[in-house]
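Beneath this line is the structure, given in structure tokens, with notes to follow.
The values are calculated or read from the model by the stated rules, or taken from the named source; none is laboratory data. As the structure is a computational prediction, the values presented were derived from the model and not from experiment. Note that we place each Cβ from the backbone using ideal geometry, even for glycine, and neighbour counts take in every protein chain shown. In case anyone asks, the SASA skips ligands and DNA or RNA and just uses the protein heavy atoms, side chains included. Shrake-Rupley method; radii C 1.70, N 1.55, O 1.52, S 1.80 Å.
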Amino acid sequence: MAGLVLKPRVLTCTVGVAVLTCALTLSLTVALGQYGSSGDVVPPQDPIIHQVTDDHTHLLGTERKFKMFMEKYGKTYGTREEYVHRLGIFARNMVRAAEHQAMDPTAVHGVTPFSDLSPEEFERSYAGLRGGPGFGNGFMELATAPPMEVGDLPESFDWREKGAVTEVKMQGSCGSCWAFSTTGAVEGANFIATGKLLNLSEQQLVDCDHTCDPREKDACDNGCGGGLMTNAYKYLMEAGGLEEETSYPYTGKKGQCKFKPEKVAVKVVNFTIIPIDENQIAANLVHNGPLAVGLNAVFMQTYIGGVSCPLICGKRWVNHGVLMVGYGSKGYSILRFGYKPYWIIKNSWGKQWGEDGYYKLCRGHGMCGINTMVSAVLTDTIATS
């Protein structure tokens, strides 16, 4: 990496676009028969004239799964046309989930809250990717953490057990993962400094932070349009700090900046970049608190649980900001020859996604670029009168 000078990227919370996607052509209006007044399929009445083929049975099974999906996640569609359209996307996403399962057999892939969104829609609603592949040398030009001793690290570690992690949050259809990653790191650092866990405001960052990377002027924090955690740290250092969620609540869309310096709850005084060595990442995690990280989220749209350790996952296309809160040592991986360690990742897609909002990713292989964009933050206490 040291010999490369690549364009920094703005994290925009995308989940892989058109990767490992097979085409599934559905003749829905013919194969599914007629719709009743409730939107249910009315099966053919004459079994002699209307042969029920294997394809027909499969499509009806897909629709049953789709109705279960709608009920579980509270989905509604205004018209029959929209219903049929979403059913088609759902069917294609089931093929995509099966492909992910084959490529990532130690995790479980299937129906998630995003199964009625096409990859393009998901990118628009939960992302808005700008920039190009590879974060590049520019990230490592920032202040890098000095080497730490790694010989005495615990076999497993979890900051949730120590009270340093807030509840899983929901960014909604806003590409603000970078803001949630930032607040998570600041919340953890403040807990270590003060013993108090505060729920801090992502909306302040979405509304008020427009900081740009000094080496790439168009790599700017831009609310729901994406951003970078390192840019956000710089903004917080210049602005004076971060308000609590209660004083500046999240809306899921960019609005007018309402930041009030007198309501600052936590000050950020510095930040460092963690080297790509995953033992160094583990040491910094244990000693400095939860870490803001970026990764390639290509397998996350269909992820349900287990340890994700895919055969192939690009390490240079880092497109989603999350929070590393711990690691474990008992994640079984057939393809990695037995029990292997994993990272514990807090996401910002709500508790209905993944393992109650968390993601487990293979540790020690630079999987999905998890080691390429890692940072820690240092906070200062606020004097109270």
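The stretch between L311 and E120, if pulled fully straight at 0.36 nm per residue, gains 66.4 nm over its current Cα-Cα span. Model label sites at K330 and I304, defined 7 Å from Cα along the beta-carbon direction, differ in position by 2.2 nm.
Please compute the length gained on full extension between K351 and T194, using 0.36 nm multiplied by the number of residues separating them and subtracting their Cα-Cα distance.
53.8 nm
In this structure region 119-381 gives 38 Å² per residue of accessible area when probed at 1.4 Å with all protein chains present.
Only protein heavy atoms count here; under a 1.4 Å probe, S247 has an accessible surface of about 50 Å². Relative to the 2.2 N^0.38 Å rule of thumb, region 119-381 has a C-alpha radius of gyration ratio of 0.93. Under 19 Å from a label point set 7 Å out along the Cα-to-Cβ vector of H287, the amide N atoms of region 147-182 belong to 147-159.
Normalised Debye scattering of region 159-231 at q = 0.18, 0.22 Å⁻¹ gives log10 I(q)/I(0) of -0.71, -0.92, counting only Cα atoms as equal scatterers and leaving out solvent.
Scalar couplings 3J(HN,Hα) for region 189-194, obtained by applying the Karplus form with A = 6.51, B = -1.76, C = 1.60 to θ = phi - 60°, are 5, 5, 4, 5, 6, 10 Hz; x denotes Gly and Pro.
The packing ranking of peptides 253-260, 72-79, 350-357, highest mean first, is 350-357, 253-260, 72-79, where packing means the average number of other beta carbon atoms within 10 angstrom of each residue.
Quick one: net charge of P290's neighbours, Cβ under 13 Å, K/R +1, D/E -1? Net local charge, P290 excluded: 0.
Counting only Cα atoms, the size of region 177-289 along its three principal axes is 42, 36, 23 Å, in decreasing order. A crude spin-label estimate for the pair E167 and A98, with each label 7 Å from Cα along the Cβ direction, gives 3.8 nm.
Calculate the dipole size of region 265-381 relative to its Cα centre from +1 charges on Lys and Arg beta carbons and -1 charges on Asp and Glu beta carbons; express the result in debye to the nearest 20.
Computed about the Cα centre, the dipole is about 220 debye.
Counted residue by residue at 0.36 nm each, then reduced by the alpha carbon distance between them, the extension gain from E81 to A143 reaches 16.9 nm.
Can you pull the percent of region 257-385's accessible area that's carbon plus sulfur, 1.4 Å probe, other chains left in place? Kindly include the intermediate steps, with their values, before the conclusion.
Working: 2620 of 4770 Å².
For region 257-385, the apolar C and S fraction of the accessible surface comes to 55 percent.
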